[in-house]
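Visitor: Input: one structure, supplied below.
Quick note: the coordinates plus some simple rules give every number you see, no bench work behind them. As the structure is a prediction and not an experimental result, all values here were calculated from the model. FYI the Cβ positions are ideal-geometry reconstructions off the backbone, even for glycines, and counts take in every protein chain you see.
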Amino acid sequence: MQKTDLSRVKSVIFSCAGLEVTEAENAFFGQENPFGFILFARNIDNPDQVKKLTDDLRSAVGRRDAPILVDQEGGRVLRLKAPFWFEAPAFGKLGKLFDQNADEGIQATRLATRLIAQDLRGVGINVDCSPCLDLSFAETSSVIGDRSFHQDPDFVAILGAVVADEFLKAGIIPVIKHMPGHGRATVDSHHLLPTVQVSRDALIKSDFAPFHSLNKTPWGMTAHIVFDEIDADRPATQSSQIIRDVIRGDIGFDGLLLTDDLNMQALDGPLDLRAKRALDAGVDIILHCSGKLEEMKIVAGACTHLSGESVERIWRAEKQCKAFPQPLYDQQSMITELKSLLSKIEDA
């Protein structure tokens, strides 16, 4: 990415409503100049369509380097699907293989990530909201479920590092999530506000540990969760205490920090207030995912232009990410090897 002027760029990532950018969306994006965009299933049909969409979104803001994100983890969380794209296994499945054979688990994770990266590169997507570093507990909400590699923080850190490293080598920025940890949540933060009642010392040794291990990853995403023993009044996304003392402090993460989706019902109040609370707490970028133009207008009004440490974090992330290379691997041979490795997983 060339160092374009970010001083007139808004601290927000938006989406669009459908498969193409409408005239109204194009005008709005050009006026508000969001930092980037995120795509969902409603935005995705086939490779030619997605490539045109990513080109058009970047054209709308006049920045060829505007980040375009997607959630392409594997398993249940795949926005790009067959028959046009590779459907990667869930992280939980890769964790099971790692349990049986560490080397094979690492290789399977490496192959799955390379296959995802090739698909993303082909359609102009350069940020993947992955890996998920949340731990898996007996009480973990199904919203995480097999999106978690494992209950062991060391195992999660090892496999998460493979994902992050492979993406960076491929020219894709990884986003570690959901900081400082979603695994203790017993309810889905899309619908309710989870509250975790575990001591900070215990969390440092468990939930926070994978994020600490990967604290040099360029981008991260917050969790809409209250950690009662740290800040009983505000979810992590809107808590200056958690962002300052835990994410920037205990975890040591100094990368670009995004919110999870502003529309999730774990947050309360109007959208502009939700955004302001998060920015005031110390996040760098607001993530708004509905693609509804009237909502985006409200959110844009609350978002500031990028400046200071946020800009430094953006450029530091770009230095970590390799130049956009040509595909280095044969897709079919990787798929064959990955299927062979996954076939070794023993039923529990």
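Visitor: Do any GluC sites (Glu not before Pro) in region 1-82 lie in a loop, going by DSSP, with at most 16 other beta-carbon atoms within 10 Å of their beta carbon, and if so which?
Guide: Working: sites: E20, E23, E25, E32, E73; in loops: E20.
The qualifying sites are E20.
Visitor: For a quick check: with amide H placed at 1.01 Å from N, whose amide H comes under 5 Å from T222's, ignoring anything fewer than 5 positions away on the same chain?
Guide: M179, L258, T259, D260
Visitor: Using a Cα-Cα cut-off of under 26 Å, which lysines could be cross-linked to K339, ignoring same-chain neighbours fewer than 8 residues away?
Guide: K81, K93, K96, K169
Visitor: Moving on. Taking amide hydrogens as modeled 1.01 Å from N in the peptide plane, which residues meet the under 5 Å criterion relative to F227, leaving out close sequence neighbours?
Guide: Amide H neighbours of F227, under 5 Å, 5+ apart: V196, A236.
Visitor: Specify the residue with the greatest mean-square fluctuation among P83, P180, P270, computed from a Gaussian network of the chain linking alpha-carbon atoms under 10 Å apart.
Guide: Between P83, P180, P270, it is P83 that shows the largest mean-square fluctuation.
Visitor: Then there is this: Of all DSSP beta bridges located in the chain, what percent are antiparallel, nearest 5? Please list the in-between numbers first.
Guide: On the way: 3 of 25 bridges.
Antiparallel bridges make up about 10 percent of those DSSP assigns within the chain.
Visitor: I'd like the Karplus ³J(HN,Hα) series for region 287-301: coefficients 6.51, -1.76, 1.60, θ = phi - 60°, whole numbers in Hz, and an x wherever there's a Gly or Pro.
Guide: 10, 10, 10, 5, x, 8, 4, 5, 5, 4, 4, 5, 5, 4, x
Visitor: For region 167-215, state which chymotrypsin sites (Phe, Trp or Tyr not before Pro) are in a DSSP loop and have at most 15 other beta carbons lying within 10 Å of their beta carbon. Kindly include the intermediate steps, with their values, before the conclusion.
Guide: Values: sites: F167, F208, F211; in loops: F208.
Those that pass, being in a loop and sparsely packed, number zero.
Visitor: Just to be sure I understand: with springs between alpha-carbon atoms less than 10 Å apart, which residue in L69, L338, L39 has the highest mean-square fluctuation in the Gaussian network model of the chain?
Guide: L338
Visitor: So what is the calculated 222 nm ellipticity per residue for the chain, using -39500 (n - 2.57) for each DSSP H run with n of 4 or more, over all residues, to the nearest 500 deg cm²/dmol? Numbers along the way, then the final one.
Guide: Values: 11 runs with 130 residues, N = 348.
Theoretical 222 nm ellipticity from helices: -11500 deg cm²/dmol.
Visitor: Excluding residues on the same chain fewer than 8 positions from K297, give the lysines whose Cα lies under 23 Å from its Cα.
Guide: Straight-distance partners of K297: K10, K276.
Visitor: Let me ask another. Just flag the GluC sites (Glu not before Pro) in region 92-196 sitting in loop per DSSP whose Cβ has no more than 13 other Cβ atoms within 10 Å. Can you show the working numbers first?
Guide: On the way: sites: E104, E139, E166; in loops: E139.
Answer by residue number: E139.
Visitor: Given the options L120, L267, L203, state which has the largest fluctuation in a GNM of the chain using a 10 Å cut-off (strictly under) for Cα springs.
Guide: Maximum fluctuation in the GNM of the chain, among the listed residues, is at L203.
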